[in-house]
Amino acid sequence: MAETIFDVVVVGGGPAGYTCAIRAAQFGLKVALIDANDRLGGTCLLWGCIPTKAMLFTAEIWDHLKHADKYGIDGVAEPKLNWKNVLARKDDVISRHTKGLDFLMKKNKITTFKGFGRLTGGAKDGIHSIDVKLADGKAETVKAKKVVLATGSDARMLPGYKADETILTNYEILKIGEMPKSLVVIGSGAVGVEFASIFKGVGAEVTILEMLPRVVPVEDEEISKELLRLFKKRGIDVNLSVKDTKIEKNKDGALVSFTDANGKTQTKQVEKVLVAVGRAPRTADIGLDKTKIVPDRGFIMTNEWMETTEPGVYAIGDIVGGLPQLAHVGSMAGLVVAARLAGKFAKPVNRTRVPGCTYCDPQIASVGLTEAQAKEKGFQVKVGKFPFVGNSKATILDAHDGFVKVVSEAKYGEILGVHIIGPYATEIIAECVTALELEATVEEMMFTIHAHPTVAEALLDGFSSVEGLAVNV
Ligand SMILES: Cc1cc2nc3c(=O)[nH]c(=O)nc-3n(C[C@H](O)[C@H](O)[C@H](O)COP(=O)(O)OP(=O)(O)OC[C@H]3O[C@@H](n4cnc5c(N)ncnc54)[C@H](O)[C@@H]3O)c2cc1C
């Protein structure tokens, strides 16, 4: 039988890889997808975005139930958390979507290989070969005209420690058999503050240790300040500018010691420690040494079309240097590559128009430049801010904390960035991404009708506040 030569082989079946594979197949290309895990979906579906949001939803419902009488519902005085069922529901959400991905592979006639893929070198006579070590121990070589690398990332660990049943990463914490009564979270990026919200929400004592002087350090400074205030109000013990963190395991969990911002040594005895200090690209053993690709601290560098330095080999998702490690960035890069491979229209991923969403309580979402970044870039900046306290839907939701902050360019009013902390922030940011994509001005957004009563109306007031014309404050 003639050997199959695919148009494209995608290595890695996370959101970057499976999105690329599906779109390439929709364009009529013959596609193979290789994934090392027994289920498709990658970090996002199995150990990241989806399971954490399922658990955050449980924490949110739990919080509403505890205050049910406030909403006119009696008889829910003593709700009980069934941790086993919290995990079971999370697993059910995951498995519904892994099955969905299997269906999409079949529907789009994508050939899948369950195994670990490795590049064997550059193309020979225009054909690339990927060696695959299959899950059943057998080996296979997949041949294709183009290769897309999408092997994702792994949690970083503190130097000298290993993840186990006490020291956890996002992988272990999603499987712990019992709800811990106390938890130290090391790192206050998106992953850290989301887990802090989940576990505080369901009643654990939570401590955050952050080495930088603010929480969610990539966000606008005012957003960091507001989250710090609100986390403290909820009783989360937040420690900033922390140094020399050490973890000593003992029979009750772990004793965590650190030097606080005043130079004093502090200790904390807890049941579990979550290490959330970033993600490392998974590129160590995928055959890059046999190619012209020279990784930069493990990351693969690409041009705007996601092409690597090895002809015919593309990289997308968390392995790409200089792009935010977010599922929607990876999947958009996958769409760009698929379109380019099929000779269709595509636009490169624009770093300044990536929505950043953090699903902590309250939620944070932003797009574009922070106020400090806009000033650094030399813009004459005009800023508006609208607090959710003036938004009627926020009152209905009993979620008055937070604000919308709009950063605009003073002369023509172009919107440079929007930063939101508060209810449904991660949903309403979509409007702001579109506004930036279409280079909208403050004036245009001030005359864009927003439905009432919605949380999104806070954006209308936010844009109007740039001109000092917010109505509801
Ligand atoms: C706790 C947590 C919460 C998160 N929440 C969000 C969120 O809410 N929103 C968001 O946008 N992002 C979130 N992220 C980030 C998001 O999960 C990643 O950005 C995204 O999964 C990256 O997609 P990817 O396809 O590049 O890689 P991955 O999802 O890591 O997938 C890579 C795939 O490649 C496979 N693979 C690896 N090596 C090989 C090989 N050699 N051969 C074959 N297969 C291989 C792996 O098995 C895996 O399936 C979160 C991350 C974490 C850890």
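The values are calculated or read from the model by the stated rules, or taken from the named source; none is laboratory data. Since we're looking at a predicted model, the values are computed, not measured. Glycine also receives a Cβ, built like all others from the backbone with ideal geometry; neighbour counts cover every protein chain displayed. What goes into the accessible areas is simple: the full protein's heavy atoms, side chains included, and nothing from ligands, DNA or RNA. Shrake-Rupley method; radii C 1.70, N 1.55, O 1.52, S 1.80 Å.
A few remarks follow.
- Note on GLU78/ASP131: beta-carbon distance plugged into 1/(1 + (r/R0)^6) with R0 of 56 Å gives a FRET efficiency of 0.45.
- Sequence-separation-based contact order of region 186-278, relative, with Cα cut under 8 Å and 6+ spacing, percent: 29
- Note on ARG297 and THR448: with the Förster distance fixed at 45 Å, the Cβ-Cβ geometry gives a FRET efficiency of about 0.55.
- Once the convex hull of all Cα atoms in the chain is built, its volume per residue stands at 176 Å³.
- Positive dipole terminus of region 9-149, leading residue within VAL10, THR141, ILE61 (C-beta point charges): THR141
- Neighbourhood charge, 10 Å Cβ-Cβ cut-off, centred on PRO281 and excluding it, Lys, Arg +1 and Asp, Glu -1: 0
- Modelled spin-label separation between LYS175 and ILE5, with each label point placed 7 Å from Cα along the Cα-to-Cβ direction: 4.2 nm.
- Cross-link pairs exceeding 24 Å between alpha carbons, from the set LYS106/LYS143; LYS30/LYS99; LYS99/LYS146; LYS246/LYS272; LYS53/LYS268: LYS99/LYS146; LYS53/LYS268.
- With Cα atoms, 0 to 90° folded angle of helix 49-66 axis to the chain main axis: 20
- 15 Å Cα-Cα reach of LYS225 towards aspartates and glutamates, excluding residues that sit fewer than 8 places from it in its own chain: GLU210, ASP237, ASP361, GLU371, ASP401
- Counting 0.36 nm for each residue step from LYS99 to GLU165 and taking away their Cα separation leaves a gain of 20.9 nm.
- Each Lys or Arg adds one and each Asp or Glu subtracts one; over the other residues with Cβ under 13 Å from the Cβ of ASP361, this totals -2.
- Modelled spin labels at LYS377 and ALA430, positioned 7 Å past Cα toward Cβ, are 2.5 nm from each other.
- The value obtained for region 198-243, namely the Cα convex hull volume divided by the number of residues, is 69 Å³ per residue.
- Prolate/oblate/rounded call for region 338-420, Cα gyration tensor, a/c under 1.5 rounded: oblate
- Per residue solvent-accessible surface (Å²) - region 144-210, probe of 1.4 Å: 35
- Sum of side-chain charges, ILE300 neighbourhood, beta-carbon under 13 Å (Lys, Arg +1; Asp, Glu -1): -2
- If you wrap region 1-60 in the convex hull of its Cα atoms and look at it from every side, the mean projected area works out to 5.4 nm².
- Full extension of the chain segment joining LYS109 with GLU307 gains 68.8 nm, where the gain is 0.36 nm per residue of separation less the Cα-Cα distance.
- Unit charges on C-beta of K, R, D, E only; dipole of the chain, Debye: 1200
- Where region 238-295 is the region considered: accessible area per residue in Å², 1.4 Å probe: 55
- Cα-based shape type of region 154-234, given that a ≥ b ≥ c are square roots of the gyration tensor eigenvalues and the cut on a/c is 1.5: oblate
- As a ratio to 2.2 N^0.38 Å, the alpha-carbon radius of gyration computed for region 52-154 takes the value 1.81.
- The chain - percent of accessible surface contributed by carbon and sulfur, probe 1.4 Å: 53
- Spin-label model, ARG89 to LYS66: label points 7 Å out along the Cα-to-beta-carbon direction sit 1.5 nm apart.
- Pairs of Cα atoms nearer than 8 Å and 6+ residues apart set the relative contact order; for the chain it is 14 percent.
- Sequence-distant contacts, meaning Cα pairs under 8 Å at least 6 residues apart, place the relative contact order of region 1-133 at 29 percent.
- Positive-pole candidate from GLY330, VAL206, SER241, dipole of the chain, charges at beta carbon: GLY330
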